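The values are calculated or read from the model by the stated rules, or taken from the named source; none is laboratory data. This is a predicted model, so every value here is computed, not measured. Please note: Cβ atoms are built from the backbone with ideal geometry, for glycine as well, and neighbour counts cover all protein chains shown.
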Amino acid sequence: MRIVFKTNYMQDIRPWKDRYQLSLYLILLAVVAAAPWWLDAFYLGELTNVLIWAIAGLGLMILTGHTGQVSLGHAAFLAFGCYANIALIEAGVPFLIAFPLAGILTGIAGVTVAIPALWLHGIYLAIFTMALSILMDDIIVLSEPITGGVAGKYVGGVEIFGHLVDRWGTPDQFFWLVLIVTVLVTLGYINLLRAPLGRSFIAVRDSEVSAQAMGIDIARTKMISFALSCAVTGWAGALMGLFAGAFNNETFSVLISIQLLMMIVIGGLGSIHGAFLGAIVIGFLPQFLSISKEYAGALFGGNTVAIPGLEFGIFGMILIAFILFEPMGLYGRWLKIRTWFELFPFYRKDMFKRQKSYLRTERLR
Amino acid sequence: MDNAQLLISGLANGCVYGLIALGFVLIYKATEAVNFAQGDFMMLGAFVTIGLTNTQYMGLPFWLALPISLGIMGALGYLLDRLIIRRLFGESQTAVVILTIALGFVIRFVAGLIWGHEPQTLQNPLAGKEARFGGLVLGMEDVAVIVVTILLTGALYVFFSRTKLGLAMQGASQNQLAAYYMGIPVKRVQGFIWALAGVVAGIAGILFAAKGAVDPTTGLLGIKAFAAAVIGGFGSLPGALAGGLIVGVIEPFSSRYIAAGYSQVAPYALLLAVLIFRPNGLFSQVRVKKV
């Protein structure tokens with residue numbers, strides 16, 4: 001059991017609790033940054049994919065996990081970021097300017113969407129964003145001169161200071177590029193949560209009425225949350241486009257939106273760790289399934305036919321299990337286990353009990 | 001005459017959307033949750049009936065299979081509430097939304113495992129028959145869809161506004177705590193409403209399978225039914241039907257009169273417009289409480 005003595009008020013708002021925790025995360029970062037030396041090319045690609053999904057998860061986490069606005073349409077912003085990035089690069093803008101700009105443009109698009117969405121609550125907002133995600137497919141087809149329509153777009157590598165970074169040609173450099181973006185976004189997120197803005201996000205999530213009473217401008221807070229969330233998602237989309245190499249209107253379907261939301265629920269809503277843990281589940285589930293199918297095939301006599309929809313079916317079952325038994329997601333489970341060890345033998349079963357509330361209609365106000 | 005034909009086929013399609021939307025509204029009215037798996041429920045209802053009726057499966061007579069499959073769907077709805085949804089009692093509505101989305105994936109997967117991914121139609125006594133009104137030629141299935149939908153909506157409307165159980169359901173959703181005080185068995189009422197939603201989904205599925213082919217992805221039709229429910233204003237049964245009809249009628253007309261590529265956008269564009277300008281639907285249920 002480790003006890004942190006607090007001798008300074010700054011210790012409460014510092015991004016890390018103590019040096020021990022900080023050094024743990026630095027070691028983790030060093031190990032991940034050295035991945036090209038201890039992973040083969042295939043798994044390095046998978047790790048890159050996981051990191052990109054984690055960035056997208058962080059984007060959605062700002063909106064859904066910390067501001068409490070459920071979005072079923074973030075694939076639309078993934079697509080927007082992806083196409084904005086490519087369009088800018090094709091217009092001759094260097095990648096190092098095009099990439100941040102793509103995120104900012106996506107953020108602006110997010111605000112445009114957020115303005116009508118501001119007075120929509122819960123389920124209505126979810127349906128609104130879902131319709132948006134479905135429409136995005138048609139919008140991409142219709143704006144063919146920029147997006148390439150159904151035929152889609154192909155990207156090679158991108159040039160950074162005259163050096164070509166490519167998913168296939170130089171997977172190591174591409175991995176580091178993604179890692180740098182991930183670290184920057186994560187640091188930004190941690191600092192956001194320390195700042196008044198991040199605190200006001202959480203206040204809006206927990207109770208709009210109380211937040212208003214504390215002097216928080218709810219509409220403004222939600223709008224900024226939308227903007228930040230969409231900007232981060234846009235960056236993830238841009239990286240996803242570079243990673244995939246080819247994409248068209250169907251790449252960012254509404255299923256991706258749903259998958260993204262499910263990912264952060266499995267990881268744990270309202271925690272930065274949750275986005276990463278969820279991304280690991282999403283990234284490695286297909287591999288895990290195909291490997292276990294091979295094993296099962298070897299055991300029960302060579303039946304390795306592909307079962308369509310298996311991935312989503314298993315995914316749905318995992319999600320149902322999580323919502324029923326561990327609503328705080330993987331990170332919540334980890335917290336419980338850690339607390340059990342830290343407090344041994346004083347852990348009580350009800351320590352993480354959630355508040356239940358009686359339902360009242362939203363229709364009669 | 002062409003337009004009239006388009007209108008009728010649109011109405012028949014719209015009725016199916018309306019029926020799925022009815023399922024949304026039923027559950028929303030009684031539990032404030034939205035069942036995102038309602039479309040997949042419909043698909044399951046269709047496949048259960050196909051499994052009972054079609055000759056390559058069990059080959060039961062149609063009129064015998066009908067009550068059996070509706071019973072199965074009702075039982076499934078009840079079990080779903082009993083085993084899964086009821087555990088979320090008192091949690092946020094978002095949890096139920098995400099749960100039902102996941103459930104949709106599982107249902108689609110299971111249906112694909114059992115009945116395969118080929119589109120199938122229901123062998124029914126109405127197939128191929130026609131009804132003529134003046135110069136209009138209508139498939140008997142379309143007529144059946146329209147008639148059944150209107151009857152069902154009317155019956156449910158009366159049920160909710162006139163019977164004791166229906167009022168208890170509305171009370172349970174408007175204020176759970178007060179409903180408990182009034183002696184309404186809130187949990188049992190919820191179980192009943194899920195069973196009812198299962199039966200309605202079963203009816204929608206049977207009508208849909210009689211009209212055209214179903215495959216496991218048919219449930220995604222539920223998204224259009226969302227548009228219907230939102231346009232009608234969640235929480236209003238006639239509104240759901242009207243919304244379904246609007247979406248159903250808009251589709252054939254827009255694909256005929258608007259350039260290709262823009263036409264399939266129409267229902268969703270309407271959905272967004274309604275959400276922006278009349279967030280509570282055309283048949284709004286939100287009333288400002290006067291103090």
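I'd like the full set of residues that are among the hydrophobic types (A, V, I, L, M, F, W, C) and at the interface with chain B (Cβ under 7 Å from one of its Cβ atoms), limited to the range A:111-129. Before the answer, list the steps.
Initial filter on the range A:111-129 (among the hydrophobic types (A, V, I, L, M, F, W, C)): A:111, A:113-115, A:117-120, A:123, A:125-128.
Those that are among the hydrophobic types (A, V, I, L, M, F, W, C) and at the interface with chain B (Cβ under 7 Å from one of its Cβ atoms): A:119, A:120, A:123, A:126, A:127, A:128.
Residue A:133 passes all but one of (1) in contact with a helix residue (DSSP H, G or I) (Cβ under 6 Å, 6 or more places away or on another chain); (2) part of a strand (DSSP E or B); which number fails?
Of everything listed in (1) in contact with a helix residue (DSSP H, G or I) (Cβ under 6 Å, 6 or more places away or on another chain); (2) part of a strand (DSSP E or B), residue A:133 misses just condition (2).
Residues being in contact (Cβ under 8 Å) with a residue 60 or more places away in the chain and either within 7 Å of chain A (Cβ to nearest Cβ) or surrounded by fewer than 19 Cβ atoms within 10 Å (Cβ to Cβ) (or both): count how many of those fall in the range B:79-106.
Filtering the range B:79-106 for residues in contact (Cβ under 8 Å) with a residue 60 or more places away in the chain gives B:80-82, B:85-86, B:89, B:93, B:96-97, B:100-101, B:103-104.
From what is left, the residues that are either within 7 Å of chain A (Cβ to nearest Cβ) or surrounded by fewer than 19 Cβ atoms within 10 Å (Cβ to Cβ) (or both) are B:82, B:86, B:89, B:93, B:97, B:101, B:103.
Looking only at that region, the number is 7.
Across the range B:170-201, which residue is surrounded by the fewest Cβ atoms within 10 Å (Cβ to Cβ) among those that are in contact (Cβ under 8 Å) with a residue 24 or more places away in the chain and touching a Ser or Thr at 6+ places or on another chain (Cβ under 6 Å)?
Checking each candidate, the answer is B:190.
Return only the number of the condition from (1) assigned to a loop (DSSP other than H, G, I, E, B); (2) on the phi < 0 side of the Ramachandran plot; (3) of a type in the set (Gly, Ala, Ser) that residue A:198 does not satisfy.
(1)
Hey, could you check the range B:61-78 for residues that are small (Gly, Ala, Ser) and in contact (Cβ under 8 Å) with a residue 12 or more places away in the chain and say which is nearest to the other protein chains (Cβ to nearest Cβ)? Quick ask: steps written out before the conclusion?
So the first thing to find is which residues in the range B:61-78 are small (Gly, Ala, Ser), and the list is B:65, B:69, B:71, B:74-75, B:77.
Narrowing the set further to residues that are in contact (Cβ under 8 Å) with a residue 12 or more places away in the chain leaves B:65, B:69, B:74-75, B:77.
Working: B:65: 26, B:69: 23, B:74: 21, B:75: 19, B:77: 16 Å.
In this case the residue turns out to be B:77.
I'm trying to understand the selection: among the residues of the range A:327-339, which are away from chain B (no Cβ under 11 Å) and farther than 13 Å from residue A:278 by Cβ?
Those that are away from chain B (no Cβ under 11 Å) and farther than 13 Å from residue A:278 by Cβ: A:335, A:336, A:337, A:338, A:339.
Considering only residues that are among the β-branched types (Val, Ile, Thr) and in contact with a Leu (Cβ under 8 Å, 6 or more places away or on another chain), which ones fall in the range B:88-100? Don't jump to the end; show me each part of the working.
The initial filter retains those residues of the range B:88-100 that are among the β-branched types (Val, Ile, Thr), namely B:94, B:96-98, B:100.
Within the range B:88-100, B:96, B:98 meet the criteria.
Does the range B:215-223 contain any residue that is within 11 Å of chain A (Cβ to nearest Cβ), more than 22 Å from the chain's Cα centre (by Cα) and either on the phi > 0 side of the Ramachandran plot or at pLDDT 75 or above (or both)?
Checking the range B:215-223: not a single residue is within 11 Å of chain A (Cβ to nearest Cβ), more than 22 Å from the chain's Cα centre (by Cα) and either on the phi > 0 side of the Ramachandran plot or at pLDDT 75 or above (or both).
For the range A:191-207, does any single residue satisfy the condition of being surrounded by fewer than 22 Cβ atoms within 10 Å (Cβ to Cβ), within 18 Å of residue A:107 (Cβ to Cβ), in contact with a Gly (Cβ under 7 Å, 6 or more places away or on another chain) and aliphatic (A, V, I, L, M)?
Yes, the range A:191-207 contains at least one residue that is surrounded by fewer than 22 Cβ atoms within 10 Å (Cβ to Cβ), within 18 Å of residue A:107 (Cβ to Cβ), in contact with a Gly (Cβ under 7 Å, 6 or more places away or on another chain) and aliphatic (A, V, I, L, M).
Quick check on residue B:130: is it at pLDDT below 85, in contact with a helix residue (DSSP H, G or I) (Cβ under 6 Å, 6 or more places away or on another chain) and either more than 24 Å from residue B:34 (Cα to Cα) or surrounded by fewer than 21 Cβ atoms within 10 Å (Cβ to Cβ) (or both)?
Working: at pLDDT below 85: yes; in contact with a helix residue (DSSP H, G or I) (Cβ under 6 Å, 6 or more places away or on another chain): no; either more than 24 Å from residue B:34 (Cα to Cα) or surrounded by fewer than 21 Cβ atoms within 10 Å (Cβ to Cβ) (or both): yes.
Spelling it out, it is not the case that residue B:130 is at pLDDT below 85, in contact with a helix residue (DSSP H, G or I) (Cβ under 6 Å, 6 or more places away or on another chain) and either more than 24 Å from residue B:34 (Cα to Cα) or surrounded by fewer than 21 Cβ atoms within 10 Å (Cβ to Cβ) (or both).
Tally time: how many residues in the range B:224-234 are assigned to a loop (DSSP other than H, G, I, E, B) and either modelled with pLDDT of 85 or more or over 13 Å from the mean Cα position of the chain (by Cα) (or both)?
Final tally of qualifying residues: 1.
Which residues, counting only those in the range A:253-274, are in a loop (DSSP other than H, G, I, E, B) and over 15 Å from residue A:71 (Cα atoms)?
Let us first name the residues in the range A:253-274 that are in a loop (DSSP other than H, G, I, E, B), namely A:253, A:268-271.
Those that are in a loop (DSSP other than H, G, I, E, B) and over 15 Å from residue A:71 (Cα atoms): A:268, A:271.
Could you grab me the full set of residues in the range A:33-60 that are loosely packed, with under 15 Cβ neighbours inside 10 Å, under 24 Å from the mean Cα position of the chain (by Cα) and over 17 Å from residue A:243 (Cβ atoms)?
A:33, A:34
Which condition does residue A:250 not pass, out of (1) assigned to a helix (DSSP H, G or I); (2) in contact (Cβ under 8 Å) with a residue 40 or more places away in the chain, if it passes all the others?
Here residue A:250 clears every test but (1).
Could you look through the range B:245-283, keep only residues that are assigned to a loop (DSSP other than H, G, I, E, B) and at the interface with chain A (Cβ under 9 Å from one of its Cβ atoms), and pick out the one that is modelled with the highest pLDDT? Step through it out loud before you land on a result.
First pass over the range B:245-283, keeping only residues assigned to a loop (DSSP other than H, G, I, E, B): B:258-262, B:278-283.
Now restrict to residues that are at the interface with chain A (Cβ under 9 Å from one of its Cβ atoms): B:261-262, B:279-280.
On the way: B:261: 68, B:262: 74, B:279: 70, B:280: 70.
The qualifying residue modelled with the highest pLDDT is B:262.
For the range B:135-149, indicate whether the set of residues that are under 15 Å from residue B:29 (Cα atoms) and modelled with pLDDT of 80 or more is non-empty.
No, the range B:135-149 contains no residue that is under 15 Å from residue B:29 (Cα atoms) and modelled with pLDDT of 80 or more.
Looking at residue A:220, is it over 24 Å from residue A:52 (Cα atoms), of a type outside the set (Phe, Trp, Tyr) and within 14 Å of chain B (Cβ to nearest Cβ)? Break it down into steps so the answer makes sense when it comes.
Working: over 24 Å from residue A:52 (Cα atoms): yes; of a type outside the set (Phe, Trp, Tyr): yes; within 14 Å of chain B (Cβ to nearest Cβ): no.
Here the answer is no, as residue A:220 does not meet what is asked.
Go through the range A:9-33 residue by residue and tally those that are modelled with pLDDT under 90 and among the small types (Gly, Ala, Ser).
Residues flagged as modelled with pLDDT under 90 and among the small types (Gly, Ala, Ser) within the range A:9-33 amount to 0.
Which condition from (1) away from chain A (no Cβ under 14 Å); (2) modelled with pLDDT of 85 or more is the one that residue B:109 breaks?
(1)
Pick from A:29, A:22, A:44: which is part of a helix (DSSP H, G or I) and under 19 Å from residue A:277 (Cβ atoms)?
It is A:29.
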